[in-house]
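Down below is the structure, laid out as structure tokens.
Nothing in this text is a laboratory measurement; each read-out follows from the coordinates by a stated rule. The structure presented is a predicted model; accordingly, all values stated were derived computationally and were not measured. Don't worry about glycine lacking a Cβ; one is built from the backbone with ideal geometry, like all the others, and counts go over all protein chains shown.
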Amino acid sequence: MQPTMARILAIDFGTKRTGIAVTDELQLIASGLTTVETPKLMDFLKKYIGQETVERVLIGQPLQKDGTPSDVETEIKKFLEIFSKEFPDMPFTRVDERYTSKMAFQTMIDSGLKKKQRRNKALLDEISATIILQQYLYND
């Protein structure tokens, strides 16, 4: 059996910034890629997906503790409509992202980042996207 040679991309969508993580081509390792200002997200995706082989896109599904959608879900649905038109053949999967921000912040603490570095919201978003990707890879 031939190994997969395409990446999986994960998106931690935010109203201001969006964290992005990606696997290696064998889909073994999840790494933070970048954080993009949300208005520039589609341009970033067009360029990235144009240059790299991406098999699937994961989009965080922010839920409240009780399982109801969070406020940003309305914006995510608008994004998904545009995404589906831009990339009609690209499958996407929604991934429960409850607690990823808390886990990302804890990761920053555990890795020894100083308080000033932990205030970097862009880094937090990128780590959150990486956690979404890891959850998908290792829980399926």
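Data for the structure
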read-out: SER111, SER128 arranged by Cβ crowding within 10 Å, fewest neighbours leading; value: SER111, SER128
read-out: For the chain, radius of gyration divided by Kirkwood radius, i.e. Rg to Rh on alpha-carbons; value: 0.96
read-out: Measure of compaction for the stretch 63-140 (Cα Rg per 2.2 N^0.38 Å); value: 1.28
read-out: Exposure proxy order (Cβ contacts within 10 Å, fewest to most) of GLU37, GLU97; value: GLU37, GLU97
read-out: Pair LYS102, ASP71: separation of 7 Å Cα→Cβ label points (nm); value: 2.0 nm
read-out: THR93/ASN120 FRET efficiency (R0 22 Å; Cβ-Cβ; nearest 0.05); value: 0.20
read-out: Dipole axis of the chain (+1 Lys, Arg; -1 Asp, Glu on Cβ), positive-most option in ILE11, TYR48, ALA104; value: ALA104
read-out: Counting DSSP beta bridges with both ends in the chain, the antiparallel % (nearest 5); value: 55 percent
read-out: Footprinting exposure proxy for TYR136, TYR99 (fewest neighbouring C-beta atoms within 10 Å first); value: TYR99, TYR136
read-out: Value at 222 nm in deg cm²/dmol, rounded to 500, when DSSP H runs of n ≥ 4 in the chain each add -39,500 (n - 2.57); value: -13000 deg cm²/dmol
